[in-house]
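Notes follow the structure.
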Amino acid sequence: MNSKRLKNITARQTSTCPKLPKKSFKSSENYIERMPPEVLEKIISYLDVGSLFCLGFVNKRFHELADNNAVWYRFYTWQRAKTKTSRLIKDVTDGVDMARIQEKPKGYWRRILFKELAIHNESWKKKLKSIHSYTGLPVRTAEVLRSLDVMWEITVKKERGRENRIKHTHVYFGEASLTVVWSSGNWPTLDKPATLELHGVKLVPINCPITCRPGWRSLLSEVVVKKDGGKLYGSDRLISLLYIENGVTVGVWQNQQEIAFVLVNLHYHRLVERHLLGSSTTPYEATEVQATFDDIDPDYGLHSYNMHLELHNTEDSIASVSFSQLFCKKDQVADGYVSLQVISKQNRSRQTPVCGKISLPWRTEALQGHIENCCMLTLTVLAEAQTPFWCVSAPVSMTKSKHKEVSYDCKGESFFVEYQDSDGKLEIELEWMEEQKQFVIVNLILFLSVSKVNRYFRRDY
């Protein structure tokens, strides 16, 4: 059979075949759009939490379906029932009817469920019961934060409501605090004020890709960064280090006046609670503790203080010392402060050498360097009952003394480190020992605010 005849036969067969109607894309969408809401709700009720959450990313229609309060409330009651000894869902519904469930804002029960999933395992509370004998803080704070897979994010809020979230690049765990570092990011310029919100993020343990897994966000601090704002603590030929507030420090390029990196100091005192029990808009606030009233001891609130001091940077510890049984006499209370002499030049037994070099290393994506005579200070003061009284973690700078005192014991130059806030102040004097090539703390005075002492001990000094 020649090729010409074969083509004719094929053409006749094709012409006799019925033509199938073309399927339009629009008609294929109507299968879901035409379904009654009750049927769609029944279908998505068979999904697990992770699948339902991911469904909301498909399109606008599926986003509305995945936002159904009734479905998320059902997941919430199931999860709550797991944590109850009775194992009964009715024990956690509290008589909530469908009308009350639906009147909540969209996403309400989903957010409550994610909070429940994020913190339902309260084994961390048991781990925090063991207290360090020197710092007076939970020994396993760093371990708990690591086991919870906590991350840190800074949300940059610019004008016109624009937001940019930046994840941390490095974290240093010290004895009584941690320092979180952001070495890169799309930071704003300082010509206009910008708000930085620091959140601790605990990923919700659900079955979905890690890239879109939701996290329970707890607000830790909020600061405003602007030109000529903050306190200058140190600089090199490239970077100026500015302390804003609430433990937030920014490194600024000196020429461009743009943010190069961000450092945040977080003290361990109630730090796990701050990460888990706050919300995205409101930080966790613990109830203010007061000491038991004592009407027998006339000097109650002036003695039996313990202090732990650590000097460190973003990589290493420079010095770590603890002192106990600090006291102040009534006639030494002056200028609004309770004065506690920790180290003095007259008592050489308490003078403490500094092991490391006092400097702050910094790093960005392309450059790195060191800011000399600058580091981080972490201070923990315990009251008589060994409870935290004053907790600080912030940058400090070391300045050279302008006055040379005659001393037969210390022949090196004198330097000073100072810190002050509304609760107190700390003054440290160091001597450079040329032979040993190290600094020695030769004088240290701790000042506690009288108003804080009176409020805590219910006194009237």
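Things to note:
- The listed residue being touching a His at 6+ places or on another chain (Cβ under 9 Å) and either at pLDDT 85 or above or more than 25 Å from His269 (Cα to Cα) (or both), out of Leu219, Leu232, Leu196: Leu219
- When segment 416-457 is filtered for residues that are farther than 24 Å from Thr292 by Cβ, open to solvent by 30 Å² or more (accessible area, probe 1.4 Å) and hydroxyl-bearing (Ser, Thr, Tyr), only Ser422 remains.
- Residues (open to solvent by 10 Å² or more (accessible area, probe 1.4 Å) and assigned to a loop (DSSP other than H, G, I, E, B)) located in segment 372-387: Asn373, Glu384, Ala385, Gln386, Thr387
- Among the residues of segment 340-369, those identified as closer than 30 Å to Val453 by Cα and assigned to a loop (DSSP other than H, G, I, E, B) are Ser344, Lys345, Gln346, Asn347, Gln351.
- Pairs linking a residue in segment 338-366 that is in contact (Cβ under 8 Å) with a residue 24 or more places away in the chain and open to solvent by 40 Å² or more (accessible area, probe 1.4 Å) to a residue that is among the hydroxyl-bearing types (Ser, Thr, Tyr) and part of a loop (DSSP other than H, G, I, E, B), with Cβ atoms under 7 Å and 6 or more positions apart or on different chains, are Arg363/Ser183; Glu365/Ser183; Glu365/Ser184.
- In segment 197-243, residue most open to solvent (accessible area, probe 1.4 Å) [restricted to those that are free of Cβ contacts under 8 Å to residues at least 24 places away in the same chain and within 15 Å of Val396 (Cα to Cα)]: Lys231
- Residue that is least open to solvent (accessible area, probe 1.4 Å) [pool: residues in segment 244-289 that are acidic (Asp, Glu) and under 30 Å from Gln386 (Cβ atoms)]: Glu273
- Counting the residues of segment 149-183 that are open to solvent by 30 Å² or more (accessible area, probe 1.4 Å) and either without any contact (Cβ under 8 Å) to a residue 40 or more places away in the chain or part of a loop (DSSP other than H, G, I, E, B) (or both) gives 15.
The values are calculated or read from the model by the stated rules, or taken from the named source; none is laboratory data. The structure presented is a predicted model; accordingly, all values stated were derived computationally and were not measured. Counting neighbours? That spans all protein chains shown, and the Cβs are built from the backbone with ideal geometry, glycine included. Ligands, DNA and RNA are excluded from the accessible area calculation, which covers all protein heavy atoms including side chains. Shrake-Rupley method; radii C 1.70, N 1.55, O 1.52, S 1.80 Å.
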